[in-house]
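Working notes for the structure below.
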């Protein structure tokens with residue numbers, strides 16, 4: 001078995017060991033989606049399925065039993081369809097190519113699944129992900145029940161497979177980390193390319209639009225070998241940077257604007273996620289630089305708090321403390337109205353300008369799977385009332401970071417015009433985001449191929 005196949009075989013074996021000796025897991029890949037009339041959206045595999053197989057063809061299913069046997073259902077060879085749609089591996093070649101024990105045409109799925117489910121005690125599959133999957137499993141189980149008079153046993157339990165595989169996916173192995181480093185390197189080059197184009201076009205007196213910068217991102221993603229963007233790229237100029245999920249559009253990029261780009265490529269099934277905010281012309285104004293340096297200082301505090309043994313919430317709390325102090329120092333918040341730093345934190349007064357968390361898990365999905373609650377402490381519950389919404393929130397201890405976990409670190413500040421907010425800061429949106437692999441003594445920032453220091457960004461854009 002090749003080293004590549006051994007990775008997926010090891011994952012399947014690890015999952016199988018957690019199903020119980022008579023358990024069975026059923027994992028479909030993603031469906032193909034029609035875009036319009038005779039055109040489909042570009043196919044992207046299901047992350048759980050790919051994590052366990054490395055197989056990227058559509059219309060495929062994986063079945064794994066508790067004794068470690070794996071069966072793949074895939075599209076049969078069809079030379080006529082392959083002329084139109086491309087090469088198919090086919091069930092005959094699948095065992096040797098993928099390391100599974102058996103493979104069958106997907107057309108036989110409905111006839112074979114009841115046989116595989118028979119005499120099992122638990123059927124595992126991903127809950128609430130694949131539309132119609134529960135009903136389909138129910139149909140197969142009904143066929144098993146129809147044979148109970150002949151001595152067949154029907155699984156009495158249906159269990160969510162996500163819990164098992166999410167925990168596996170949360171800690172990235174060396175292969176995954178290497179892929180994510182390469183994805184981050186490609187994305188960093190794309191951000192540099194967009195920064196430099198913005199300054200160059202403005203220097204040349206050209207009309208610059210958000211889509212010009214988006215085009216640079218896409219070009220570099222594909223040039224580096226990435227299959228596609230990991231998510232819809234955010235390219236937001238001027239006031240648009242204060243819209244958190246703004247999408248690249250046709251708005252002009254004006255001399256004097258701040259541009260916020262949140263974009264990352266997906267490489268071999270793994271996402272990167274980088275945000276940089278920069279002056280469109282390559283030169284920060286005084287107010288822009290003041291806000292930028294505040295966000296950067298808060299990110300540095302969050303990076304210092306990201307290490308094995310820390311809690312997932314520690315970087316956020318470090319960020320908020322720095323941002324709260326800065327908002328008071330810059331006059332965004334009035335001390336006479338909101339009090340000191342701890343008052344700002346306790347009342348969440350900072351939420352006017354910073355309304356999201358400082359990070360999320362990153363992996364095969366840009367907002368990757370994995371619980372944010374420490375499993376060993378899930379029963380330790382306390383309640384608190386949110387000072388802004390008055391909603392009663394149940395607090396559980398945050399996840400303890402382990403080496404190999406990957407998360408983003410992305411503080412920001414977004415200043416919309418409002419009473420009492422100094423006008424020089426109006427419509428400035430800043431976010432700085434990097435991808436971090438947790439290490440025993442800290443974290444490795446894998447996305448720093450594009451600088452974050454304000455002076456370095458200005459020098460880069462002069463080049």
Residues located in segment 118-139, provided they are under 14 Å from residue 27 (Cβ atoms) and buried (at least 16 other Cβ atoms within 10 Å of the Cβ): 123, 124, 125, 126, 129, 130, 133, 136, 137
Residue check for residue 266: in contact with a helix residue (DSSP H, G or I) (Cβ under 9 Å, 6 or more places away or on another chain), surrounded by 17 or more Cβ atoms within 10 Å (Cβ to Cβ) and under 15 Å from residue 192 (Cβ atoms): no
Sole residue being within 24 Å of residue 281 (Cα to Cα), at pLDDT 95 or above, crowded, with 19+ Cβ neighbours inside 10 Å and under 20 Å from the mean Cα position of the chain (by Cα), chosen from 192, 186: 186
Unmet criterion (only one of (1) crowded, with 23+ Cβ neighbours inside 10 Å; (2) within 24 Å of residue 408 (Cβ to Cβ); (3) in contact with a strand residue (DSSP E or B) (Cβ under 6 Å, 6 or more places away or on another chain)) for residue 257: (2)
Filter pass, residue 396 being surrounded by fewer than 18 Cβ atoms within 10 Å (Cβ to Cβ) and touching a helix residue (DSSP H, G or I) at 6+ places or on another chain (Cβ under 6 Å): no
Only one of 208, 165, 235 that is under 30 Å from residue 13 (Cα atoms) and either in contact (Cβ under 8 Å) with a residue 24 or more places away in the chain or not assigned by TED's automatic domain parsing to the domain that holds residue 50 (or both): 165
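Kindly indicate the residue of segment 424-449 that is assigned to a strand (DSSP E or B) and over 20 Å from the mean Cα position of the chain (by Cα) and also farthest from residue 260 (Cα to Cα) among those meeting that condition.
Per the stated criteria, the residue is 442.
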Matching residues in segment 113-128 - criterion: being in contact (Cβ under 8 Å) with a residue 40 or more places away in the chain, on the phi < 0 side of the Ramachandran plot, assigned to a loop (DSSP other than H, G, I, E, B) and more than 28 Å from the chain's Cα centre (by Cα): 120, 121
Selection count, segment 237-253, where residues are under 23 Å from residue 358 (Cβ atoms) and within 20 Å of the chain's Cα centre (by Cα): 5
Pairs with Cβ under 6 Å, 6+ apart, first in segment 438-461 and under 24 Å from residue 176 (Cα atoms), second assigned to a loop (DSSP other than H, G, I, E, B): 438/308; 438/401; 438/403; 439/403; 440/308; 440/403; 442/307; 443/306
Strands (runs of 3 or more DSSP E) completely within segment 2-73 that count 2 or more residues being within 27 Å of the chain's Cα centre (by Cα) and touching a residue at least 40 places away in the same chain (Cβ under 8 Å): 23-28, 61-65
Residues satisfying the stated conditions in segment 365-380, i.e. assigned to a loop (DSSP other than H, G, I, E, B) and loosely packed, with under 11 Cβ neighbours inside 10 Å: 379
Residue in segment 322-345 that is touching a helix residue (DSSP H, G or I) at 6+ places or on another chain (Cβ under 7 Å), outside any helix (DSSP H, G or I) and in contact (Cβ under 8 Å) with a residue 60 or more places away in the chain present: yes
Scan of segment 404-425 for residues that are within 23 Å of residue 234 (Cα to Cα) and in contact (Cβ under 8 Å) with a residue 40 or more places away in the chain, ordered by number: 406, 407, 408, 409, 410, 411, 412, 413, 414, 415, 416, 425
Test: residue in segment 382-397 that is in a loop (DSSP other than H, G, I, E, B) and either within 30 Å of residue 253 (Cα to Cα) or not assigned by TED's automatic domain parsing to the domain that holds residue 239 (or both): no
Any chance residue 309 is touching a residue at least 40 places away in the same chain (Cβ under 8 Å) and within 27 Å of residue 441 (Cβ to Cβ): yes
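Out of 412, 370, report the one residue that is on the phi > 0 side of the Ramachandran plot, in the same structural domain as residue 318 (by TED's automatic domain parsing) and at pLDDT 95 or above.
Of 412, 370, the one residue that is on the phi > 0 side of the Ramachandran plot, in the same structural domain as residue 318 (by TED's automatic domain parsing) and at pLDDT 95 or above is 370.
Here's the yes/no breakdown for (1) modelled with pLDDT under 95; (2) part of a helix (DSSP H, G or I); (3) farther than 30 Å from residue 436 by Cβ; (4) in contact with a strand residue (DSSP E or B) (Cβ under 6 Å, 6 or more places away or on another chain):
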| residue | (1), (2), (3), (4) |
| --- | --- |
| 107 | no, yes, yes, no |
| 111 | no, yes, yes, no |
| 130 | no, no, yes, yes |
| 138 | no, yes, yes, no |
| 141 | no, yes, yes, no |
| 164 | no, yes, no, no |
Matching entry among 421, 406, 452 (being in a strand (DSSP E or B) and at negative phi): 406
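The values are calculated or read from the model by the stated rules, or taken from the named source; none is laboratory data. On a predicted model such as this, the values are computed, not experimentally measured, just so you know. Here Cβ is always computed from backbone atoms with ideal geometry, including for glycine, and neighbour counts include all displayed protein chains.
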